[in-house]
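Working notes, structure below.
The values are calculated or read from the model by the stated rules, or taken from the named source; none is laboratory data. Keep in mind it's a predicted model, so treat the numbers as computed, not measured. Cβ coordinates were reconstructed from backbone atoms using ideal geometry, including for glycine residues, and neighbour counts include every protein chain displayed.
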Amino acid sequence: MFVIHCPWCGDRPETEFHYGGEAHIARPEKPEELTDQQWADFLFMRTNPKGWHRERWSHSSGCRRWFNVMRNTHTNEIAGSYRIGEMPDLPDGSGPAKGAKA
Amino acid sequence: MSQSFRLADGGRIDRSRVLHFTFNGQNYEGYPGDTLASALFANGVRLVGRSFKYHRPRGIMTAGSEEPSGLVQLETGAHTEPNLRATQIELYDGLSATSINAWPSVDFDIGEINSLLSRIFVAGFYYKTFMGPAGFWNKIYEPIIRRAAGLGRAPEYPDPDIYDHQYVHADVLIAGAGPAGIAAALAAARTGARVVLADEQSEFGGSLLHSGESVDGLPGSDWIAGALDELRQHEDVTLLPRTTVFGYYDNNYIAMVERRTDHLGPLRPKTVSRHRAWHVRAKRVVIATGAHERPMVFGDNDRPGILLAEAGRVYTSRYAVKPGERAVLFTNNDNAYRSAIDMHLGGMPLDAIVDIRARPGAQALAWADSADVEVLPGSSIIGTAGRKSVIGVDVMATTPDGIGISGGVRRIDCDTVLMSGGWTPAIHLFSQSGGKLRYDSEQTCFLPETFVQACRVVGSANGTRVSADCLAEAAEAGHISAREAGFRARARKAPKGETVDPGGLQPAWVAPSDHPTGKGPRKHFVDFQNDVTAGDLMLAAREGFHSVEHLKRYTTTGMGTDQGKTSNINALAILAREVNNEIPKVGTTTFRPPYTPVSYGSLAGRNVGHLSDPVRKTPMHDWHEGQGAAFEIVGQWLRPWYYPQAGETMQQAVNRECLAVRNAVGLLDATTLGKIDIQGPDAAEFLNRIYTNAWKKLGIGRCRYGLMCHEDGMIFDDGVTTRLGENHFIMTTTSGNAAQVLDWLEEYLQTEWPDLKVYCTSVTEQFATISIAGPKSREVLQKLSGDIDLSAEAFPFMSMQAGEIAGAPARIFRISFTGELSYEINVPAFYGRAVWQAVMQAGKAFGITPYGTETMHVLRAEKGFIIVGQETDGTVVPQDLGMDWIVSKQKPDFIGKRSFSRPDTARSDRKQLVGLLTVADGNEVLPEGAQITEAAKGVPPVPMLGHVTSSYYSPTLGHSIALALIKDGRSRIGEELHAPLESRAIRVRVVEPVFFDPKGERANG
């Protein structure tokens, strides 16, 4: 059970959180203009990498805020977490995690 | 002749008190400090159980948690526990244990015939033997296998004990309190760090409890006592004996189980938790879990009386018992000489040492010489004699290459064989932590190499062999760990251990015998718990199972309650030899938690019985109970299901309740509906995006029904939402889905549309909801609503009024889920019961009838109203339910809209909601979930057209009704289809899904 840094509450155990899948997949502004293929890509296709992954988490048993985490899906190493709307430069495991300062 | 194998003196046992116990019904005696295993040896009991597959007689092989074969069923009735290791059961007065896997008795076990059939019980025999014909597996093979193979019996009664969980943070957690663990704990504790020291045994000290080694010039046991005295004085040190560190998870999350009262037996106090699961988040972890000795793989190496060399020393030295009368040692290493000769000097005679190596180490030979024990170098035990006990070994000289044998056979009579094939460090926890292993070919074992988490491995778990080095390394690890956790204090001197080198080892994975391995009558056991022999492994390798993970699953080696603690390396090495590969290239299987079996009770803790899931009750709950309501659980809520009157069946009660609502007036506790208060300047815009229909122009005080879909277009929830003010709405959701809907709203507000100013608050529990339904409901309400004008003009359908009901501030919603004239009264929860009773009182003259969820379901089904989760299952779009009317064509976008034009959702032949009527017998109620087919019978595979989603007897209509999702259902209306059941098929006619008042005039009145 790993520790997740909530940008509002600090370090908390994984069980306080809810996983929300891959991050930074914005809902298309005008879905009606997309082809079926493009819409299906948005709906169903995710990168599912073995390794570094920006993903959404919700502090469901805490402040109930959504935020983003850069996690290595293979090792569960976490390079940092940051609030919705931010996009910090996080090392893809090559260097020490700096974390996001909002 | 009680305890005739007990040595005259010595041992860490308390001879002043005799403990009585039974094994397989026989009475025996032992002492405090004994394990069941040592007490059995003390009484000369060597046959303990029967093996898993062949039902061969088996005894105790080890002295610790790695025990593969000395498994027993402890106690009976509710306290019984299967497959416990006799080596870990602390003896208590009155203990009662029995053998497992033996029938009718351990002495005469019919299953032993399996041994004669061993040719069919080869590797993968399940897969090879139990093939076809179809259906044989479930009905014939599996029950037979389950009876014949297997271990103990699960208890049949509820667990009488209580269990706890404990959560702690530690600076340094140390797994294992042998000399290394204690040295690490001392060094860490001296810095002031919070230290947790856990060990699976009842006593701390590990090998010092039996090895006779000294530390700091003191006898081992004295040094332990001093060290523990010091540790106890440190305020932040937690000492946990009888505690197994069983799991090492991410970010140094450590799981342990503490056995608090097992050693007291079934008479233990029931107020103290029996087991306690510890959850520790440790800044640093020190793994000092020691090593396990390996068996030698030789012919018939499984007979009772054959045990590990170190175990022989443990029994004589720690427990003062002789495992037998005369022993022989079979080994490939020098260290085993020391164990065996210590045992010999302790009072259990060792007659000979059979060493597979041509040239044993000089130190080893000197030990043997000083004790006057004969050494047979370059020799192999080709087989053993005996049945319920070993009675002798047959020894032959090995050929110079060590692979073959030559010369004549020499029989050595003995009743005990010690074996040692070297040591395997217990790197289970390190491996669980994600650490990578390397193979050390000199010590022939895997050792820690790459660390992933903040831990250190010390002592023999790290492959460190000399005691002095172990202590120095452990003390340093303890100190550095504390420093890394933030505690700065100068290191003090490490304890000084002995400097004796344990000597060398020569791998000999299968001892040569008079037949090629796997051929001939002898069995060379590798995994003693699963009855896997060297021959099985070699056969599996020949059959192409070259991956160690495949080999494990095919042969079952390394499975079971011991997870191959004694067998894994031997199995790997045999596989490697067979496939001409190196051991590190073959690799090792993954170690997973738990290290040893953990009770379900400790995992569940207090979350059992009524605490296993929260129960939610409405403010009117006690009233319902007082009326004798039957309850059903809906998303943790206890809801009245129906209110049976004296002598009524459920169907009679539901019929009465339904007719009361249709003909007069009924009352439903609808408190459990989810309620979400939505406020903010963008609230209407937000609802417009969330629901499929239009919301922006909804007038204040007006209600609207809405459907919510996910982005894929599938229906997710529904309910009525009311505009209380320009920027204020109250949303209702289905009872079971309230939390998910709130999460859904929050997710969109936070992640997709943070620009919208909207705030959502759950108010489900703040309001009690009382639904009055039926033609008389207006008259009932009028008696309570004072000056609120309830006329159809002033208070039309789908609108809301605020006012006072029976003295309580109330919101009254004129909405209907029954199709009748209906009002939903929301009052603050504290008023719920009082208002409910006031409504009952006011309705008395009209025959007001409380009704439950079953009646609610019947009434709404008569109207063809859906229930999310019943008519929908996550694959249903609004159009499938004929609900196009609620899907806005004008709105450019809302959640799910784009998906309605995906090719799959736009198909015209999707499953659609229809009604079903039974043709032959109008009263017959179809089972919910029944499949629908075209023909009554057919040749499989018969195409399934869909299934029944809701089905009831309708007292209003006087016949049964059903709703169903049927492929292309709308165009099948009027057709006859079939619901095939187990023994017959029911003929059904497809009809419109609204059975009653299709124009909706009643609710509008």
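Within the range B:763-802, the residues that satisfy the criterion of being of a type outside the set (A, V, I, L, M, F, W, C) and under 20 Å from B:Thr721 (Cβ atoms) are B:Thr764, B:Glu765, B:Gln766, B:Thr769, B:Ser771, B:Pro796, B:Ser799, B:Gln801.
Condition check ((1) touching a strand residue (DSSP E or B) at 6+ places or on another chain (Cβ under 9 Å); (2) within 19 Å of B:Ser69 (Cβ to Cβ); (3) of a type in the set (A, V, I, L, M, F, W, C)) across all residues:
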{"site": "B:Gly290", "(1), (2), (3)": "yes, no, no"}
{"site": "B:Pro295", "(1), (2), (3)": "yes, yes, no"}
{"site": "B:Phe298", "(1), (2), (3)": "yes, yes, yes"}
{"site": "B:Pro304", "(1), (2), (3)": "yes, yes, no"}
{"site": "B:Leu308", "(1), (2), (3)": "yes, yes, yes"}
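Restricted to the range A:32-46, and to residues there that are within 11 Å of chain B (Cβ to nearest Cβ) and assigned to a loop (DSSP other than H, G, I, E, B), the residue that is farthest from B:Asp743 (Cα to Cα) is A:Thr35.
Only a single item in (1) within 11 Å of another protein chain (Cβ to nearest Cβ); (2) touching a strand residue (DSSP E or B) at 6+ places or on another chain (Cβ under 7 Å); (3) farther than 17 Å from B:Asp712 by Cβ is not met by A:Glu29, and it is number (2).
Within the range B:183-207, if we keep just the residues that are assigned to a helix (DSSP H, G or I) and in contact with a strand residue (DSSP E or B) (Cβ under 7 Å, 6 or more places away or on another chain), the residue that is surrounded by the fewest Cβ atoms within 10 Å (Cβ to Cβ) turns out to be B:Ala189. Residues in the range B:440-457 that are out of contact with any Ser or Thr (no Cβ under 7 Å at 6 or more places or on another chain) and more than 14 Å from every other protein chain (Cβ to nearest Cβ): 9 in all. Exactly one residue out of B:Gly713, B:Gly699 is within 14 Å of chain A (Cβ to nearest Cβ) and not in a strand (DSSP E or B), and it is B:Gly713. The residues on offer are B:Ser771, B:Ser791, and the sole one that is part of a strand (DSSP E or B) and polar (S, T, N, Q) is B:Ser771.
Within the range B:147-166, not a single residue is hydrophobic (A, V, I, L, M, F, W, C), at pLDDT 95 or above and in contact with a strand residue (DSSP E or B) (Cβ under 7 Å, 6 or more places away or on another chain). The residues listed here are B:Ser971, B:Ser983, B:Ser951; of these, the one that is within 25 Å of B:Thr872 (Cα to Cα) and either under 43 Å from the mean Cα position of the chain (by Cα) or not in a helix (DSSP H, G or I) (or both) is B:Ser951. The range B:405-483 holds strands (runs of 3 or more DSSP E) entirely within its bounds, and those carrying 1 or more residues that are over 24 Å from B:Val510 (Cβ atoms) and in contact with a strand residue (DSSP E or B) (Cβ under 9 Å, 6 or more places away or on another chain) map to B:405-413, B:436-440, B:445-450, B:455-457. Put simply, of B:Thr733, B:Thr721, B:Thr692, B:Thr751 the only residue that is free of Cβ contacts under 8 Å to residues at least 24 places away in the same chain and among the β-branched types (Val, Ile, Thr) is B:Thr751. In the range B:241-346, counting only strands (runs of 3 or more DSSP E) that sit wholly within it, the ones holding 3 or more residues that are away from chain A (no Cβ under 14 Å) and either touching an Asp or Glu at 6+ places or on another chain (Cβ under 6 Å) or farther than 30 Å from B:Asp514 by Cα (or both) span B:243-249, B:253-259, B:275-287, B:291-293. Considering (1) away from chain A (no Cβ under 14 Å); (2) surrounded by fewer than 16 Cβ atoms within 10 Å (Cβ to Cβ); (3) free of Cβ contacts under 8 Å to residues at least 40 places away in the same chain, the lone condition that B:Leu790 does not fulfil carries the number (2). Here B:Thr561 meets each of (1) more than 26 Å from B:Ile382 (Cβ to Cβ); (2) more than 37 Å from the chain's Cα centre (by Cα); (3) surrounded by fewer than 20 Cβ atoms within 10 Å (Cβ to Cβ) with one exception, condition (2).
Here A:His24 meets each of (1) more than 12 Å from chain B (Cβ to nearest Cβ); (2) surrounded by fewer than 16 Cβ atoms within 10 Å (Cβ to Cβ) with one exception, condition (1). Inspection of the range A:47-67 finds a residue satisfying the criterion of being free of Cβ contacts under 8 Å to residues at least 24 places away in the same chain, outside any helix (DSSP H, G or I) and within 12 Å of chain B (Cβ to nearest Cβ).
Only a single criterion out of (1) within 14 Å of chain A (Cβ to nearest Cβ); (2) out of contact with any Leu (no Cβ under 8 Å at 6 or more places or on another chain); (3) not aromatic (Phe, Trp, Tyr) is not satisfied by B:Ile690, namely (2).
Residues that are of a type in the set (Gly, Ala, Ser) and assigned to a loop (DSSP other than H, G, I, E, B) were ranked within the range B:929-948; the one that is farthest from the other protein chains (Cβ to nearest Cβ) is B:Ala936. Each residue in the range B:768-787 was checked for being at positive phi and buried (at least 17 other Cβ atoms within 10 Å of the Cβ), and 1 pass.
Residues that are surrounded by 20 or more Cβ atoms within 10 Å (Cβ to Cβ), without any contact (Cβ under 8 Å) to a residue 60 or more places away in the chain and in a loop (DSSP other than H, G, I, E, B) do not occur anywhere in the range B:208-215.
Here is the figure for the range B:670-694: residues that are touching a strand residue (DSSP E or B) at 6+ places or on another chain (Cβ under 9 Å) and either more than 27 Å from B:Tyr642 (Cα to Cα) or polar (S, T, N, Q) (or both) total 16. A:Arg71 fulfils the conditions (1) within 13 Å of chain B (Cβ to nearest Cβ); (2) farther than 23 Å from B:Leu749 by Cα; (3) not in a strand (DSSP E or B) except for a single criterion, (3). Checking each residue in the range B:691-715 for being within 10 Å of B:Ile886 (Cα to Cα), surrounded by 19 or more Cβ atoms within 10 Å (Cβ to Cβ) and not hydrophobic (A, V, I, L, M, F, W, C) picks out B:Tyr691, B:Thr692, B:Asn693, B:Gly706. Mind listing just one residue for me: the one in the range B:499-543 that is in contact with a Gly (Cβ under 8 Å, 6 or more places away or on another chain) and basic (Lys, Arg) and, of those, surrounded by the most Cβ atoms within 10 Å (Cβ to Cβ)? Looking at residues that are in contact with a Gly (Cβ under 8 Å, 6 or more places away or on another chain) and basic (Lys, Arg), I get B:Lys523. Within the range B:656-669, can one find any residue that is at pLDDT 95 or above and within 23 Å of B:Asp717 (Cβ to Cβ)? Within the range B:656-669 (the criterion being at pLDDT 95 or above and within 23 Å of B:Asp717 (Cβ to Cβ)), the answer is yes, since at least one residue qualifies. Counting only helices (runs of 4 or more DSSP H) wholly contained in the range B:556-655, the ones carrying 1 or more residues that are farther than 30 Å from B:Asp262 by Cβ, among the β-branched types (Val, Ile, Thr) and out of contact with any Asp or Glu (no Cβ under 7 Å at 6 or more places or on another chain) occupy B:568-578, B:583-586.
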